[in-house]
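First the structure, in the form of structure tokens, and then the observations on it.
No value in this document is a laboratory result; all are computed from the given coordinates. The structure displayed is predicted, hence computed values, not measured ones. Cβ atoms come from the backbone with ideal geometry, glycine included; neighbour counts cover every protein chain shown.
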Amino acid sequence: MQEKNVKNRKAFLIIDLQNDFCLGGALAVPQGDQIIPVLNECIRVFIQKKLPVLVTRDWHPEKSSHFKEFGGLWPAHCVQNTKGAQFHPQLQLPENTIIISGGMNPNEDGYSAFDGVDSKGVEFVQVLKDLNIEELYIGGLATDYCVKQSVLDAVKYGFKVNLLIDAIKGVNISPNDSKVAIKEMLNSGVSAITLDEMSKQF
């Protein structure tokens with residue numbers, strides 16, 4: 001159990017670093033696996049400071065309106081208890097990582113971390129409140145969908161947000177989707193930082 005103290009006001013949130021979103025996956029984000037070394041270094045910083053690490057995962061049922069087969073936008077991916085839904089094996093998550101599962105409602109897309117729940121069914125925003133978190137550092141996949149929606153919702157809920165600009169990659173159905181998403185996030189009051197800049201803040 002993480003202690004509630006002043007040091008616990010920051011947390012690292014990794015979005016959807018799952019096999020299906022990486023090279024060879026059902027919905028691979030271009031160069032998605034290339035951000036893993038940066039994410040691992042961020043994890044090490046947070047472990048060293050004894051600060052929480054949280055990770056989201058798409059955890060879809062076999063039948064979901066999110067999938068093309070059932071009227072959605074995407075090929076089937078990250079189906080519960082499949083290899084594609086597992087976290088990428090190179091991602092070095094600590095043992096006490098808090099896993100937030102989303103996309104479980106077959107009638108919703110569930111892009112945002114704030115649509116997810118922990119292993120006990122507690123909503124993500126309540127998990128953060130229970131940990132006394134006020135500031136989030138966010139990286140992961142994909143810039144133009146789950147990262148963007150999670151960041152915008154974090155701002156909406158009153159959290160200070162730092163977007164790790166060298167730890168995100170986008171789908172880019174249209175070539176500029178990620179650039180547009182980053183601009184939208186920054187316009188909402190988010191700070192864009194790099195791993196090096198983050199390391200100097202601790």
Seminar exercise, completed: Lys and Arg at +1, Asp and Glu at -1: neighbours of Ile15 with Cβ under 13 Å from its Cβ sum to -2
For this session: In whole angstrom, note down how far apart the Cα centers of the range 107-136 and the range 163-179 are.
Result: 23 Å
Exercise. Could you give the angle, 0 to 90 degrees to the nearest 10, between helix 36-48's Cα long axis and the longest principal axis of the Cα atoms of the chain?
Worked result: 30 degrees
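In what sequence do Lys10, Lys49 fall when counting other Cβ within 10 Å, fewest first?
On the way: Lys10 19, Lys49 12.
Least to most surrounded, the residues fall as Lys49, Lys10.
Once the other residues with Cβ under 11 Å from the Cβ of Asn172 are scored (Lys, Arg +1; Asp, Glu -1), what is the net sum? Each step should come with its number before you reach the end.
Numbers: positive: Lys169, Lys179; negative: Asp144, Asp177.
The answer is 0.
Counting Lys and Arg as +1 and Asp and Glu as -1, what is the net charge of the other residues whose Cβ lies under 9 Å from the Cβ of Phe202? Could you put the intermediate results ahead of the total?
On the way: positive: Lys10, Lys49, Lys200; negative: none.
Result for the neighbourhood of Phe202: +3.
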For this session: Pop a pseudo-label 7 angstrom from the Cα along the beta-carbon direction at both Ser199 and Asn81 and give the gap in nm to one decimal.
Result: 4.2 nm
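Considering only DSSP beta bridges where both residues belong to the range 6-201, give the percentage that are antiparallel (nearest 5).
Working: 3 of 29 bridges.
Given both bridge residues lie in the range 6-201, the antiparallel proportion sits at roughly 10 percent.
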Seminar exercise, completed: Given 4 °C, 1.567 mPa s and a Kirkwood radius over Cα pairs, the Stokes-Einstein diffusion coefficient of the chain in µm²/s is 77 µm²/s
Exercise. Exposure proxy check: Phe21, Phe70, Phe87 ranked by fewest other beta carbons within 10 Å?
Worked result: Phe70, Phe87, Phe21
